[in-house]
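The values are calculated or read from the model by the stated rules, or taken from the named source; none is laboratory data. Just so it is clear, the model here is predicted, and its values are computed rather than measured. Ideal geometry is used to build each Cβ from the backbone, glycine not excepted, and the neighbour counts take in all protein chains shown. Areas reflect the complete protein model, heavy atoms only, side chains present, ligands, DNA and RNA absent. Shrake-Rupley method; radii C 1.70, N 1.55, O 1.52, S 1.80 Å.
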Amino acid sequence: MTALKVLLEKVEKGNNLTESEAQEAIAQIMAGSSSTDEVKVFLLALRKKGEALSEVVGAARAMRACAARV
């Protein structure tokens, strides 16, 4: 089971991800390590549950780490 699937189960149960868990999930997505279907299901589950502050912060940190520096 991939890390994203483990985190998906947590979200589907209605639990918020920690900042580091969200960062890990988005980093995996940004790296291209997840299938399109996995990404779709994960993001829809987050939306259905409602995004927590810790999840938004973790996602932002992961995206900033992947961004090209100019």
Next on the checklist: I need every pair where a residue in the range 12-38 that is closer than 12 Å to Met63 by Cβ has its Cβ under 7 Å from the Cβ of a residue that is of a type in the set (D, E, K, R) and not in a loop (DSSP other than H, G, I, E, B), sequence separation at least 6 or different chains.
Outcome noted: Ala22/Glu55; Gln23/Arg61
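Conditions (1) of a type in the set (A, V, I, L, M, F, W, C); (2) open to solvent by less than 30 Å² (accessible area, probe 1.4 Å), marked per residue:
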site	(1), (2)
Ala3	yes, no
Glu24	no, no
Ala31	yes, no
Leu46	yes, yes
Lys49	no, no
Item to check | The one condition in (1) farther than 23 Å from Ala67 by Cβ; (2) among the polar types (S, T, N, Q); (3) open to solvent by less than 40 Å² (accessible area, probe 1.4 Å) that Asn15 fails to fulfil | outcome: (3)
